[in-house]
Amino acid sequence: MTHPHARRRPHSFLQEVKDAVTPRATLLVIGVVALQLLFIASYVGALHHPEPKDVPFAVAAPPAAAGQTVARLRRLPGSPLDPHAVADEAAARRQILDRDADGALVVSPAGTADTLLVASGGGTILATSLERIVGSAEQSRQRTVRTVDVAPASAGDFNGLSSFYLVVGWSVGGYLCASVLAISAGARPADPRRAAIRLGAMALVAAVGGLGGAVVVGPVLGALPGGVTALWGLGALVTFAVGAATLALQGIFGVIGIGLAILLVVIAGNPSAGGAFPLPLLPPFWKAIGPALPPGAGTWSARSIAYFHGNALTSALLVLAAWAAAGVVITLLASGQRRRRAGGAEGAGDAADRAVGTEWKDGPHTADAGTAGHGTTAQTGTHGTAAQADGAARTAPVPPPDDTFTDPGPGTSTGPDPGTGPGLGPDPGPGPDPGTNPGTRT
């Protein structure tokens with residue numbers, strides 16, 4: 001027996017490393033490093049060189065000059081504009097406010113001074129890019145241009161970024177809340193009822209967070225116009241969509257689902273959202289995926305509410321609603337599947353227990369009381385003590401493997417005290433009748 005104060009043999013350094021960093025932890029660390037590198041690659045790749053490409057652009061010009069102006073703008077180096085002709089300046093303004101165009105050129109039929117219409121509420125850097133591109137093109141034809149901002153960003157919304165940061169905050173709240181629910185009570189909910197409770201908690205958090213964000217950027221900071229109610233509804237939808245999607249990923253992949261949510265929302269969603277740089281300034285890949293992800297759809301919707309009278313909201317809200325609905329359905333289905341698997345395992349265990357119980361019940365587990373004391377044990381025992389112990393041992397039922405043995409305590413013990421031996425302890429009682437013992441007495 002090892003002495004309790006004996007010194008343990010020291011482990012090698014390699015063994016200490018294995019004990020400190022388990023294989024599961026190693027895999028998670030590798031995943032974190034991968035997310036780190038993807039974060040760098042996505043943000044730098046999407047934002048390091050913004051360049052306008054095929055910006056929707058309206059041209060309002062006299063019929064004789066409209067076609068020539070559109071063709072000339074379409075031939076600009078690098079194809080920064082995607083021009084199309086409209087009837088007049090009113091039509092051009094309407095397209096900008098409807099978010100069908102990001103700018104417009106109104107050509108003067110009589111003079112050499114034209115008008116450029118922009119909307120800095122959709123992104124200040126895009127408006128300044130249009131000023132530079134159109135100003136250079138007009139200067140080459142000895143014409144001048146003045147700029148009119150038909151949907152200006154508010155004075156408290158520097159570079160039109162407040163909408164983007166608002167949506168980022170809502171998105172972070174969504175996946176952090178879902179992650180906390182997973183960490184506190186298991187990433188995969190045990191059954192649909194618990195999954196529904198988590199979704200209900202997520203909806204409550206979404207309502208509170210949506211209202212809080214709308215109040216902060218509106219009445220508190222004065223960063224965004226548009227009304228608290230509309231922004232509140234948008235914030236609740238964005239937060240719940242991201243949170244439900246995170247719960248769904250956790251229901252399928254466990255803790256790894258948190259990393260996948262970060263991949264979708266932070267690494268892929270934020271750079272492509274059109275916040276720092278509007279969509280026409282992003283590379284083709286990021287420009288394509290941005291509107292389909294919650295941060296992109298949320299940023300577009302927030303700007304529409306704040307600066308464009310709520311126009312062009314339908315497609316973005318449908319994207320958010322689709323993420324929310326898919327998250328709810330997948331979360332419930334994943335929890336139901338998990339419960340069915342658990343139920344199948346429990347059913348198999350119960351069947352095995354019943355089989356063991358039946359075998360124990362039907363098998364010969366007791367000895368004949370009349371012959372318990374007539375075996376060879378009685379022949380070799382002293383004063384019948386060993387015979388009694390042997391008979392008691394053989395008549396005691398054998399418990400099934402899953403039963404829990406309970407010590408009956410010293411008061412009910414029927415065997416001899418192993419520490420006293422025969423004749424030294426309490427009287428074990430009368431032994432078997434010598435006259436009936438078929439064995440030879442010693």
Next on the checklist: Pairs needed: first member in segment 125-154, under 21 Å from residue 72 (Cα atoms) and open to solvent by 70 Å² or more (accessible area, probe 1.4 Å); second member anywhere, among the polar types (S, T, N, Q) and modelled with pLDDT under 95; C-beta distance under 8 Å; at least 6 residues apart or different chains.
Outcome noted: 142/112; 144/112
Item to check | residue 252, sole failed condition from (1) open to solvent by 30 Å² or more (accessible area, probe 1.4 Å); (2) more than 19 Å from residue 325 (Cα to Cα); (3) of a type in the set (Val, Ile, Thr) | outcome: (2)
Item to check | Residue satisfying condition, being on the phi > 0 side of the Ramachandran plot and at pLDDT below 95, within set 78, 31, 111, 45 | outcome: 78
Item to check | Residue ID - most open to solvent (accessible area, probe 1.4 Å), chosen from residues in segment 211-231 that are in contact (Cβ under 8 Å) with a residue 24 or more places away in the chain and over 21 Å from residue 152 (Cα atoms) | outcome: 211
Checklist entry - Which members of segment 286-312 meet the condition of being surrounded by fewer than 18 Cβ atoms within 10 Å (Cβ to Cβ), more than 24 Å from the chain's Cα centre (by Cα) and among the hydrophobic types (A, V, I, L, M, F, W, C)? => result 312
Item to check | Search result, residues across segment 46-72 that are part of a helix (DSSP H, G or I), within 46 Å of the chain's Cα centre (by Cα) and surrounded by 20 or more Cβ atoms within 10 Å (Cβ to Cβ) | outcome: 46
Checklist outcome for this item: Only one of (1) among the small types (Gly, Ala, Ser); (2) assigned to a helix (DSSP H, G or I); (3) surrounded by fewer than 19 Cβ atoms within 10 Å (Cβ to Cβ) does not apply to residue 108, and that is (2)
Checklist entry - What residue, among those in segment 111-124 that are touching a residue at least 12 places away in the same chain (Cβ under 8 Å) and assigned to a loop (DSSP other than H, G, I, E, B), is farthest from the chain's Cα centre (by Cα)? => result 112
Item to check | Qualifying position, being open to solvent by 20 Å² or more (accessible area, probe 1.4 Å), assigned to a helix (DSSP H, G or I) and out of contact with any Leu (no Cβ under 7 Å at 6 or more places or on another chain), among 208, 242 | outcome: 208
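The values are calculated or read from the model by the stated rules, or taken from the named source; none is laboratory data. In this text the structure is predicted, and so the values were computed from the model without any measurement. Please note: Cβ atoms are built from the backbone with ideal geometry, for glycine as well, and neighbour counts cover all protein chains shown. When the accessible area is computed, the model is the full protein with side chains, heavy atoms only, and any ligands, DNA or RNA have been set aside. Shrake-Rupley method; radii C 1.70, N 1.55, O 1.52, S 1.80 Å.
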